1. Among the residues of the stretch A:143-194, how many are within 14 Å of another protein chain (Cβ to nearest Cβ) and at positive phi?
2. Determine, yes or no, whether B:SER224 is polar (S, T, N, Q), in the same structural domain as B:ARG114 (by TED's automatic domain parsing) and closer than 30 Å to A:ALA173 by Cβ.
3. Within the stretch A:117-133, take every residue that is more than 8 Å from chain B (Cβ to nearest Cβ) and under 17 Å from B:HIS285 (Cα atoms) and give me the one that is surrounded by the fewest Cβ atoms within 10 Å (Cβ to Cβ).
4. Could you list all residues from the stretch B:179-195 that are within 13 Å of chain A (Cβ to nearest Cβ) and surrounded by fewer than 17 Cβ atoms within 10 Å (Cβ to Cβ)?
5. Scanning for something under 30 Å from B:ASP304 (Cα atoms), at pLDDT 85 or above and either within 14 Å of chain B (Cβ to nearest Cβ) or out of contact with any helix residue (DSSP H, G or I) (no Cβ under 6 Å at 6 or more places or on another chain) (or both), does the stretch A:19-32 turn up at least one residue?
6. Would you check if there is a residue in the stretch B:292-305 being in contact (Cβ under 8 Å) with a residue 12 or more places away in the chain, under 19 Å from the mean Cα position of the chain (by Cα) and outside any helix (DSSP H, G or I)?
7. Test of understanding: among B:LEU280, B:LEU245, which residue is assigned by TED's automatic domain parsing to the domain that holds B:MET152 and assigned to a loop (DSSP other than H, G, I, E, B)?
8. In the stretch B:338-372, which residue that is touching a residue at least 12 places away in the same chain (Cβ under 8 Å) and not in a helix (DSSP H, G or I) is surrounded by the fewest Cβ atoms within 10 Å (Cβ to Cβ)?
Amino acid sequence: MCSDSDPDTRLSRRRLLIHTVEALSIIGLAGASIPLLRACSPQGVAVKKNAPLKQDLSALDVGQMITLNWQGKPVFVIRRSDAMLKTLAPNANQLRDPLSVESKQPDYAKNIYRARDPHILVVVGVCTHLSCTPSYRPDQAGDLGPDWRGGFFCPCHGSRFDLAGRVFQGSPAPTNLTVPPYQLVGNILTLGEPNPGEHT
Amino acid sequence: MRLFIWLAQRLPLREWYQRHLSHYYVPKNLNIWYLFGALATLLLINQLITGIWLTFGYSPTLSGAFDSVVHYVRDVPSGWLIRELHAAGASMLFAVLYLHLFRGLLYGSYQRPRELVWLLGMGLFLVLMIEAFCGYVLPWGNMSYWAAQVIMDLPTAIPGIGDDLANWLRGGESISQVTLSRLFALHVIGIPLVIAFLTLLHLTGVRHVGANNPEGIEIKKHLSPDGTPLDGIPFHPYYTIRDLLGVGVFLLVFVGIVFFFPTGGGLILEPANAIPANPLQTPAHIAPAWYLTPFYAMLRAVPDKLGGVITMAAGLALPFLLPWLDRSKVKSMRYKGRASSFMLAVMVISFIGLGILGLTPVDHAVLPFIGNQLLAQILTALYLLYFLLMPLYTKFEACREPPDRIGGAQ
């Protein structure tokens, strides 16, 4: 029979067994939750990162905007007039990130026009706040107030951007609209990363 | 009768009936504010039944969701009625819950010993909001899509892990089939089970500690010789009969809305959601369902991404803490001081004001002399101050002494 029949020993052994079972159960439950959590990991819809999108801009009028569907996101392309470009400089002291230091854009768009060619603006039409699509509001001094010099207005939470996609102070959006990588040869716009070796 | 005896020997039927109905003693002075819990239960049952029937006709796919709802509403016999009962039922459920919550604030129903009942109720409220959001996305109209886009982008405000967390919740970089499938599964099975469980705990808790009443007096302090509260009456038949009358009146209002105001002026069914989801175009005038607009207005009031999300989260979290924020010796507003009444009124007005602001596009001024943004900031501050200042004004205000018994006798 049991050699150590001392009740205290048996009790402490019983306690050790119970605690061991408890600890193992918790470890087991934690382990069982791993496949459940793993099954929720992002399943990237195969987006071809380098898939370029070509668009001829010769039919784009001055002041007009077209929206391209690039990788499932809207990309705004606007042919800005000289008058529109003149509105950019005076905005500078009302902007959150006028020099686009915190914002995302290729190096060639890190200027006050945020563009390769100042007259052609290419930005991803996704608000940096909570990803709504801002509306293009080139009209001056309309219902957006007397100081409005044209730009983008997000209907969801009221973020305001100028005609270079730079966010105004007082908006909930933290950074400027993102500029996607693109090439511009004459009137042919190509959205996407350049092929390796190709000159940017 | 023999069947009943056979069953009663095998299930605690008689005990259950006595414990929850015939011998469940409830204060004798409950007023109309005590009706809304019963109505919420009724509406949950309505959501469950109509929801199952809607699932019969719903296709949770990007290409099929919108058309399947349109088909169900237009072509399936009585499909329109079932969809309308579900959509209007959700709105009515939140209307009833807001009144139910207000009752709790008015009579101090969250105070000791009902803290856990309050926490369970607030938990239910939060879970129901998530349930309502999931359901709102399923018809896959353009409002549905952009609601999903914005709400599931909220975690990106968290520094560091935010982007990864949002991708993990969505199941990808953007709203996709994966997201829709998840929201569907959560809406029809996952969250309803949680709601049923929390409802059971909430009701069990109320029956264990006993219902509060407009006087805020504990009826268990004065018992008759047979151990029942002197100021209590059995739930059945007294309150079941009264609740039935309330249910009748409520159903008149409910079916009135269902038959004559099915869109609720755009509050129940939104025109922009009659357009299929378009990932390239946000509706020009976008607002969440009306019962979420006060919190949406808090988010929008702060011109900072993280700050806005924190403010909204605080607006949702602070009511949970009420049992510990309220330092008053008395429960009911009838005996609390003027400061408490004043602050409650300020909070209710601010909350309704925020709801109206949330429904209004940012660029359309509600009041002529003050901008929406500033107004929303003031109202948000007032709403939050009701909770944050509560430990002070409930401690230092002069309260009246409540009587020992309901009706002031003896």
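The values are calculated or read from the model by the stated rules, or taken from the named source; none is laboratory data. This is a predicted model, so every value here is computed, not measured. Virtual Cβ from ideal backbone geometry, glycine too; neighbours counted across all protein chains shown.
1. Of the residues in the stretch A:143-194, 4 are within 14 Å of another protein chain (Cβ to nearest Cβ) and at positive phi.
2. So B:SER224 does not fit the description; no.
3. Among them, the one singled out is A:VAL126.
4. Hits for the stretch B:179-195 are B:SER181, B:ALA185, B:GLY190.
5. No; the residues of the stretch A:19-32 include none that is under 30 Å from B:ASP304 (Cα atoms), at pLDDT 85 or above and either within 14 Å of chain B (Cβ to nearest Cβ) or out of contact with any helix residue (DSSP H, G or I) (no Cβ under 6 Å at 6 or more places or on another chain) (or both).
6. no
7. Result of the check over B:LEU280, B:LEU245: B:LEU280.
8. The residue in question is B:PRO361.
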